[in-house]
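The values are calculated or read from the model by the stated rules, or taken from the named source; none is laboratory data. In this text the structure is predicted, and so the values were computed from the model without any measurement. As a convention, Cβ positions derive from the backbone with ideal geometry for all residues, glycine included, and neighbour counts pool all protein chains shown.
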Amino acid sequence: MRKLSKFDMKLLAVAYKLTGPEGYAVLEYIAKNGETTDDTLSRVFRVKPNVIRQIIYNLDKHKLVIFRKDIDKKTNWVTFYWKINRDFFNTYIDFKRNNIIEKIRKRYDYEKNQNFFVCTQKCRRYTFDEAMEQDFKCANCGQVLSMEDNSHLVKFLERKLTAIINTQKQSSLTHRKSTR
């Protein structure tokens with residue numbers, strides 16, 4: 001049995017989030033013991049093989065495990081040997097980071113390219129077109145709408161976007177250096 005690395009612990013945290021405690025437990029066993037079969041896992045966890053297979057298929061669906069197939073020449077029995085997909089973690093982080101970047105970029109563009117109007121009660125925020133439809137009066141309280149200064153929000157989103165992109169570049173450089 002091997003000791004879990006920091007990388008393995010991060011991968012297990014993601015596994016817990018994606019597959020729950022059962023997936024976490026199975027993946028932790030595989031991380032500590034290396035390549036294993038569903039029959040071995042079934043015996044270790046004292047559950048029926050179909051229960052373990054469901055957990056493994058869930059791990060596989062999320063790309064947390066990979067397998068190799070072995071076919072017995074005499075019986076044609078197929079055995080799957082499961083192991084951790086360590087390449088998954090970097091792909092997963094990149095995927096999540098790109099989703100965050102895209103959401104921030106959309107919000108940044110929206111905030112930068114719109115004029116917003118609010119009443120003194122700040123009941124609701126209106127775009128220019130919405131404010132014009134309301135004759136520049138709040139639909140909730142009836143007060144006159146005035147233009148909102150959202151430059152602080154635009155600058156904040158711009159800083160966040162820059163920071164995440166720089167982190168992504170740094171992470172990519174570090175990953176390239178470690179794979180050489």
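A few notes on this one:
- Scanning region 85-107 for residues being surrounded by 15 or more Cβ atoms within 10 Å (Cβ to Cβ) and part of a loop (DSSP other than H, G, I, E, B) gives a total of 1.
- Residues that are in contact with a Ser or Thr (Cβ under 9 Å, 6 or more places away or on another chain), touching a residue at least 12 places away in the same chain (Cβ under 8 Å) and either surrounded by 15 or more Cβ atoms within 10 Å (Cβ to Cβ) or under 12 Å from Ala15 (Cα atoms) (or both), drawn from region 47-84: Ile52, Arg53, Ile55, Asn58, Leu59, His62, Lys63, Leu64, Phe80, Tyr81, Trp82, Lys83
- Filter result for Val26 (assigned to a helix (DSSP H, G or I), touching a Phe, Trp or Tyr at 6+ places or on another chain (Cβ under 8 Å) and surrounded by fewer than 16 Cβ atoms within 10 Å (Cβ to Cβ)): no
- Taken over region 108-124, the criterion of being among the basic types (Lys, Arg), loosely packed, with under 15 Cβ neighbours inside 10 Å and part of a loop (DSSP other than H, G, I, E, B) is satisfied by Lys122 alone.
- Residue match in region 61-79 (condition: more than 30 Å from Thr162 (Cα to Cα), assigned to a helix (DSSP H, G or I) and not assigned by TED's automatic domain parsing to the domain that holds Ile164): yes
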